[in-house]
Amino acid sequence: MKTALITGISGQDGSYLAELLLAKGYQVHGLIRRSSTFNTSRIQHLYQDPHTPNPRLSLTYGDLTDEGAVIRLVERIQPDEIYNLAAQSHVRVSFDSPGYTADVTARGTLNLLECIRHSGKRTRFYQASSSEMFGLVQETPQRETTPFYPRSPYAVSKMFAHWMTVNYREAYDIFACSGILFNHESPRRGETFVTRKITRAAARIKLGLEDVLYLGNLDARRDWGFAGDYVEAMWMMLQQDAPDDYVVATGETHTVRDFLDVTFDHLGLDWRKHVKIDPRYFRPTEVDLLLGDSTRAREKLGWAPRVRFQELAKMMADADLAAESRICKSEGRI
Ligand code: NAP
Ligand code: F7E
């Protein structure tokens, strides 16, 4: 049985990846942070069914910046594969907390690479790189060879982690891959990222729970895919004969306005009656356009996205409407 360590297991991607690896028969270990509020809701269904704890999923408290804790965990479990998904992953927040973002997202990655370098075990490593590294894009569509031009402390931190991953692969012959993933979403997406913010607000407006949605730049264009599809690419990268870096994207780009159109139309609403612009959501430096070319992933990994843009927005809107309706019912409002 293969053993995998997932950092960021409580996040959107971590939860889908844990599902995938458990289904493939892996022993899965996750690093989780202590929090004053419950932060394992996305993986609760995997950790224990109502009656039995899952013996193939174990969680350990720790922080990626706590080098000693990370070393002890890796030494104890001797993983065959490490998926480094933990990060301060919010671009807007990274402008407010650049130092913290660098500590976790950049330096935290180096902590893991150092563990592998010193362990003597041929642990395979996946790094969650990001299309944000393309930033002020130097060519369109963006591919593995497109020069980076990061536009936020988050993107700069991801670039450090990306190049460290490449360097440790070349310098120490570590099987390390970097997945340059374009935006991917799902009903489990964090509620402050724009897609989920829109689908959740639309559902609440539909139910009469709120009336106004405040947003920032509606002209930004993103290549949005489904997280469930993207974690498959992560796993595929670590099953190849040789390590490499891969762009993972749909090859379609849409504006935030397009996402509003599909979501509100689907729920029978007109977003123009509800959306107001709040400049506080603008970023000091914006990424205007992202569009990925995932030819390498398609040809070498045999990977392809299954869920398209419209289906994704509708899936998220339906899930939020169902969740908000359940809350209303439990509170006796419907
Ligand atoms: P997410 O939902 O924000 O999850 C981030 C995870 O990292 C959470 O489990 C979080 O724990 C954990 N974490 C944060 N700081 C940590 C720390 N100091 N120590 C240990 N764990 C920490 O992000 P996601 O959307 O799943 O993305 C997964 C990874 O892919 C991230 O590295 C992200 O930057 C990258 N990425 C995402 C996208 C995308 O569109 N989703 C695209 C490209 C790259 P808590 O639950 O306790 O907060
Ligand atoms: O913003 C605009 C905003 O925060 C998308 C992370 O997973 O993907 C994500 O980063 C766009 C931006 O995602 C609001 O200005 C308008 O242009 O959903 P987002 P992101 O910044 O693209 C990349 C690939 C990652 O790696 C990151 O980890 O939407 N926008 N109004 C808004 N964005 C937010 N959050 N909130 C608004 O009100």
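Bear in mind that the values in this text are calculations on the coordinates, not laboratory data. Every value quoted in this text rests on a predicted model; they were computed, and no experiment measured them. All Cβ positions, glycine included, derive from the backbone under ideal geometry; neighbour counts span all protein chains shown.
Structure values in brief
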read-out	value
Beta bridges by DSSP in the chain, antiparallel share as percent, to the nearest 5	10
Two-decimal Rg to Rh for region 53-154 - Kirkwood Rh, Cα set	1.04
Over region 1-95, relative contact order from alpha-carbon pairs under 8 Å, at least 6 apart, %	38
Folded to 0 to 90 degrees: helix 227-237 orientation relative to the chain principal axis, Cα	20
Which of Thr263, Thr109 has the fewest Cβ neighbours within 10 Å, and the rest in rising order	Thr263, Thr109
Spatial separation of Cα centroids for region 70-125 and region 262-294, in angstrom	31
Approximate shape of region 106-180 as ellipsoid semi-axes (Cα gyration tensor, √5λ), whole Å, largest first	25, 13, 8
Relative contact order (%) - criterion: Cα under 8 Å, at least six apart; region: the chain	17
The chain: calculated mean residue ellipticity at 222 nm from DSSP helix runs of at least 4, using -39500 (n - 2.57)	-11500 deg cm²/dmol
Exposure proxy order (Cβ contacts within 10 Å, fewest to most) of His45, His162, His51	His51, His45, His162
Region 1-92: translational diffusion in µm²/s, Stokes-Einstein, Kirkwood Rh over Cα pairs, 37 °C, 0.692 mPa s	244
Computed P(r) (all Cα pairs; region 160-226; 10 Å bins; percent)	17, 31, 23, 16, 9, 3
For region 248-330, projected area of the alpha-carbon convex hull averaged over all directions, nm²	8.1
Loop trypsin sites (Lys or Arg not before Pro), region 284-319, which have at most 11 other Cβ atoms in a 10 Å radius of their Cβ (DSSP)	Arg306
On Cα atoms only, tilt of 108-119 relative to the major axis of the chain in degrees	20
Spherically averaged projected area in nm², based on the convex hull that wraps the Cα atoms of the chain	17.2
